[in-house]
Amino acid sequence: MRVYAVVAAGGFRRYATYRIETAAGVFTNTVFGFILAYTYVALWDERPRLGGYDMPEALTFVWLGQALLMTCVMMGGGFEDELIERIRTGDIAVDLYRPVDLQMWWLAQDLGRAGFHLLGRGIVPMVLGALAFDLALPGSPGPWLAFLVSVALGVVVSFAIRYLVALSAFWLMDGAGAAQIAFLSGLFFSGMLLPLTLFPGLLGEVARVLPWSAMLQVPADVFLGKHTGWGLVRVYVFQASWAAVLLLVGRMVQSVATRRVVVQGG
Amino acid sequence: MAEAVEAPVTEASGTVFAPGPGFVEGFRAYGLIVGMWLRSTMAYPASFLMTAVGNFAATAFDFVTIMLMFAHVDALGGYTLAEIALLYGASGTAFGLADLLMGSMDRLGRRVRDGTLDTLLVRPVPVLAQVAADRFALRRLGRITQGLLVLGYGLVVADIEWTVAKAVLLPLMLLSGAVIFGAVFVAGGAFQFIAQDASQVQNSFTYGGNTLLQYPPTIFAKDLVRGVTFVVPLAFVNWLPALYILGRDLPLGLPDGVAFLPPVVAAVCATGAGLAWRAGLRAYRSTGS
């Protein structure tokens, strides 16, 4: 266990060294936050209470999306690029000899990274958004804590999906295609483009039960106090189930894939 | 487009890194590097197909989002879906062209950081041509295709009273828009000479600008519209010419004649970006690695 804590701390520190990149990222998140917020204002001006949100809630949703974009890696591009590269070059053979579990090692690293991104890329856009717009921020610490738990579960789901994407490189060699499809699904089905409660009919029902909703839709609703009591437990179970299932599938795929590693050599 | 953007840079290479490679050589080099990346891309045809379709779909999701919005409303900021489709398609096509030709500029920061930029400097070929062609991604045709399709839809469905002037303005708008976005890419590249890890800032103006222009100016704060008209003149990519084509009043009370300025603004932007690039290249100090 201790080794994973060290790896997670390393993941945190690693991203903390890119200070200019973090500042540039905060700038980008803020710019996109403003653009999206204005489109939401236009939409909610026409249809107040659309999707069950009032205007401040809808705007909070926008800024939560920007704050969690990097934490839950809705657009892809985290450890998986590195893992794909290691699979492609055959370096993965060395990793498999190490006395640590491959999946847990990367998960620990990714949790450290997520922790940094939540602080480094999340807080400032949220504060700027709150200064420029009227947001629905929880007044008591309860929803904030509930939100953090939900975010942590969302990060694990996000990791599990990206781990599968990376493993696809064992078969495809070049992971770009799979990564792109994952990025698209993440963007669309997480609620990043539009809250999933606005998706009509069957599309909406399907979107809300897919794993990507665990990355933004669920944490945002927890933040906005839409899930309390048993409802909160229910969404936690929803997130945790997806995390468990996807991690398990990842392990299975990994064991099949590592039998192929000999073919590629190292 | 490339011509306008690269012209001042050739001069820069000539003064800073003599002997000055020709203007023609810049083009030739760009073509050769692009050819190399095309062959490399085709080494994994399945992956190329997936990424091209993905590139198409990624941008299509933007428009799907707008369509989902219109499932709940009839107009956004006073504009119909067809009118927004025209704005969206014009910006998407112009941005797609710039992204195809210059989209690799955001990798410059990484090259400065890891020292591989030095390799480009010793080659007798304009640096800008090398950086712009680096990892040329044909999959970006997906974005252009998507932009053109939505533009076509907007042009057919929106209520437009066509005149000769409007018909001439349409292709001018797309080409000028591509040059303006291309200039932003180059200026962003120049900025990365100084702030190496700041490619994200460039994305705010390119991808962010594209997203902004997909929606009508009426939904944004006046100051924001002023900013993208007079400071970073993205409004000339589509807002001003497209609103004229739609027969709408231009934002900020600008006269109709302004709608015909995009080629002039594009030329000014390209020159400015060229100068910025030249300054950036001069300021560059190798890491020595």
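A few comments on the model shown:
- Zone of residue B:43's modelled label, taken as backbone nitrogen in segment B:118-138 under 11 Å from a point 7 Å along Cα→Cβ: none
- Considering only A:77, A:177, A:139, the Gaussian network model of chain A with Cα springs below 10 Å gives its largest mean-square fluctuation to A:139.
- Spin-label pair residue B:24-residue B:267: with each label point 7 Å from Cα along the Cα-Cβ axis, the two points sit 2.5 nm from one another.
- Diffusion coefficient (Stokes-Einstein, Kirkwood radius over C-alpha pairs, 25 °C, 0.890 mPa s) for segment B:156-289: 154 µm²/s, rounded to a whole number.
- Point-charge dipole on Cβ atoms (K/R +1, D/E -1) for the protein assembly as shown, about Cα centre, debye to 20: 1400 debye
- Mean residue ellipticity, 222 nm, helices only, chain B: the sum of -39500 (n - 2.57) across DSSP H runs of n ≥ 4, divided by residue count and rounded to 500, is -22500 deg cm²/dmol.
- If you run the Gaussian network model on chain B, springs between alpha carbon atoms under 10 Å, then out of B:179, B:258, B:131 the most flexible one is B:258.
- Cut-off 15 Å between beta-carbons: net charge of the residues surrounding residue B:84, Lys and Arg +1, Asp and Glu -1: -4
- Measure of compaction for segment B:20-97 (Cα Rg per 2.2 N^0.38 Å): 1.66
- Hull shadow area, averaged, segment A:168-266 [alpha-carbon convex hull, nm²]: 7.8 nm²
- Computed over chain A with a Gaussian network model linking Cα atoms closer than 10 Å, the most mobile of A:83, A:184, A:203 is A:203.
- Peptide ranges A:209-216, B:279-286, A:112-119, A:143-150 listed from the most packed, as the mean C-beta count within 10 angstrom indicates: A:209-216, A:112-119, A:143-150, B:279-286
- Chain B: Cα Rg divided by the 2.2 N^0.38 Å rule of thumb: 1.03
- Kirkwood radius and radius of gyration were both taken over the C-alpha atoms of segment B:214-255, and their ratio Rg/Rh is 0.91.
- Translational diffusion coefficient (Stokes-Einstein; Kirkwood radius from C-alpha pairs) of segment A:199-247 at 25 °C, 0.890 mPa s, in µm²/s: 218 µm²/s
- Charging the Cβ of each Asp and Glu at -1 and of each Lys and Arg at +1, and nothing else, the dipole of segment B:163-289 about its Cα centre rounds to 220 debye.
- Local charge for residue A:39 was computed over the other residues whose Cβ lies under 12 Å away, with Lys and Arg +1 and Asp and Glu -1, and equals -3.
- Translational diffusion coefficient (Stokes-Einstein; Kirkwood radius from C-alpha pairs) of segment A:91-165 at 4 °C, 1.567 mPa s, in µm²/s: 87 µm²/s
- Expressed as a whole percent, the accessible surface of segment A:117-215 that belongs to carbon and sulfur atoms is 78, based on a 1.4 Å probe.
- For the protein assembly as shown, the average shadow cast by the Cα convex hull is 26.1 nm², which is a quarter of the hull's surface.
- Per-residue [θ]222 nm for chain A (sum of -39500 (n - 2.57) over DSSP H runs n ≥ 4, rounded to 500): -23500 deg cm²/dmol
- Accessible-area order (highest first, 1.4 angstrom probe) of the listed residues A:18, B:88: A:18, B:88
- Measuring how big chain A is from its alpha-carbon positions, Rg and Dmax come out at 19.0, 60 Å.
- Rounded to the nearest 20, the Cβ-based charge dipole of segment A:185-266 about its Cα centre (Lys and Arg +1, Asp and Glu -1) stands at 280 debye.
- The rule of thumb for compact globular proteins, 2.2 N^0.38 Å, goes into the C-alpha radius of gyration of segment A:38-85 1.62 times.
- For segment B:52-137, the extents of the C-alpha atoms along the principal axes are 58, 23, 19 Å, listed from largest to smallest.
- Each part gets one Cα centre, and for segment A:111-160 versus segment B:152-226 those centres are 32 Å apart.
- Diagonalising the gyration tensor over the Cα atoms of segment A:128-200 and scaling each eigenvalue by 5 before taking the square root yields semi-axes of 32, 16, 11 Å, largest first.
- Pair-distance profile P(r), taking every C-alpha pair of segment A:58-214, with 10 angstrom steps and integer %: 10, 35, 33, 16, 6, 0
- Within-12-Å neighbourhood charge of residue B:219 [Cβ basis; K, R +1; D, E -1]: -1
The values are calculated or read from the model by the stated rules, or taken from the named source; none is laboratory data. From a predicted model like this one, the values you see are computed outputs, not experimental measurements. Reconstructed Cβ throughout: ideal geometry from the backbone, glycine too, with neighbour counts over all protein chains shown. Each accessible area value is taken on the protein alone, full model and side chains, heavy atoms only, with ligands, DNA and RNA left out. Shrake-Rupley method; radii C 1.70, N 1.55, O 1.52, S 1.80 Å.
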